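> First the structure, which I've put down as C-alpha cells, then a few questions once you've had a look.
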Amino acid sequence: MTVRPKQKAVKMFKTKTRQAAPTPGEQAFSSADVSRLSGVSLRQLQWWDEQRVVSPRHTGHKRVYLTEEVVEVAVIAELRRKGFSLQKIRRVLRFLQKEMGKRVDQIMSADSEMHLLTDGKSIYLEDNQERIIDILKSAKQPMFLVCVTDQVRRLTVTPRKPPKSETPAVARKAKAV
C-alpha cells in the first residue's frame, strides 16, 4: 500500500469581493452610459473590472457605476490615450481615490476647476491655477494634465438614454411597425 501525500487545494480563479448595489439615492450609470461618456469600449470596462482597476457594483450580471467610478474611468481613459501604462495608472488611481473622498464636494461644485497633474511618479490634484503653473515650470519630466472637473461636468451635461425597461411601450410598438 502506498501512501500519497496530501495535495493542497489550488485556487483556480481569483475571488472577487463584490461591492453592494447602490442605494436608491445614489446616481448610478450603466456600462453603456459609462462607455459612451468616457469613450471606452464595453469590453475594456469588463477587463478593468476583472483586473480590479475600477470595480463597480453588480446587480445580477450588470455592472453599475457610481459617479466617482465614472470619473475614475474617464481619467483612466485620458491617461491611456496619453500613453500611460496600467501600472502608472494604478498609482494615480490610488492617489485619486484617497483625494476624491476628501474633495468630492469641491470637485462636484461648479465654482472650482480641479486638475490632476502627473508624470507617472509625481501626482498632484490642484485647484489653484498659480500652483498648477508652478508645478509645470518646476517639472523635470513632461507632466500630463487632466481636468477632473470637466470629467464630472460630462456626467451632468450629457443626456443619458433611458434603460429599455423605462422606454415607453408606445415607442417600442412604433418602431416595430
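> Residue check, residue 74 against (1) modelled with pLDDT of 85 or more; (2) among the small types (Gly, Ala, Ser); (3) more than 26 Å from residue 41 (Cα to Cα), all met but one. Which one?
For residue 74, the failing item is (3).
> Quick one: would you say residue 99 is at pLDDT below 90, charged (D, E, K, R), under 12 Å from the mean Cα position of the chain (by Cα) and not in a loop (DSSP other than H, G, I, E, B)?
Against the criterion (at pLDDT below 90, charged (D, E, K, R), under 12 Å from the mean Cα position of the chain (by Cα) and not in a loop (DSSP other than H, G, I, E, B)), residue 99 does not qualify.
> On to the next question. Do you know which residues across the stretch 136-156 are part of a helix (DSSP H, G or I), aliphatic (A, V, I, L, M) and within 25 Å of residue 73 (Cβ to Cβ)?
Of all residues in the stretch 136-156, those part of a helix (DSSP H, G or I) come to 136-138, 148-156.
Restricting the remaining residues to those that are aliphatic (A, V, I, L, M) gives 136, 148, 152, 155.
Residues satisfying the conditions are 148, 152, 155.
> Also, I was wondering about something else. For the stretch 47-83, name all the residues that are closer than 24 Å to residue 153 by Cβ and over 13 Å from the mean Cα position of the chain (by Cα).
81, 82 - these are the residues of the stretch 47-83 that are closer than 24 Å to residue 153 by Cβ and over 13 Å from the mean Cα position of the chain (by Cα).
> In addition: Hey, can you tell me all the residues within the stretch 39-81 that are in contact (Cβ under 8 Å) with a residue 60 or more places away in the chain and among the acidic types (Asp, Glu)? Show your work before the answer.
We begin by selecting, within the stretch 39-81, every residue in contact (Cβ under 8 Å) with a residue 60 or more places away in the chain; these are 67, 70-71, 74-75, 78-79.
Of everything in the stretch 39-81, just one residue is in contact (Cβ under 8 Å) with a residue 60 or more places away in the chain and among the acidic types (Asp, Glu), namely 78.
> So which residues in the stretch 36-64 are in contact with a helix residue (DSSP H, G or I) (Cβ under 6 Å, 6 or more places away or on another chain) and more than 22 Å from residue 87 (Cα to Cα)?
Residues satisfying the conditions are 37, 63.
> Right, next: Which one of these is over 20 Å from residue 43 (Cα atoms), out of contact with any strand residue (DSSP E or B) (no Cβ under 7 Å at 6 or more places or on another chain), modelled with pLDDT of 85 or more and of a type outside the set (Lys, Arg): 112, 138, 85? Before you say what the answer is, go through the steps one by one.
Working: 112 fails: modelled with pLDDT of 85 or more; 85 fails: over 20 Å from residue 43 (Cα atoms).
On inspection, the qualifying residue turns out to be 138.
The values are calculated or read from the model by the stated rules, or taken from the named source; none is laboratory data. None of these values were measured; they are calculated from a predicted model. FYI the Cβ positions are ideal-geometry reconstructions off the backbone, even for glycines, and counts take in every protein chain you see.
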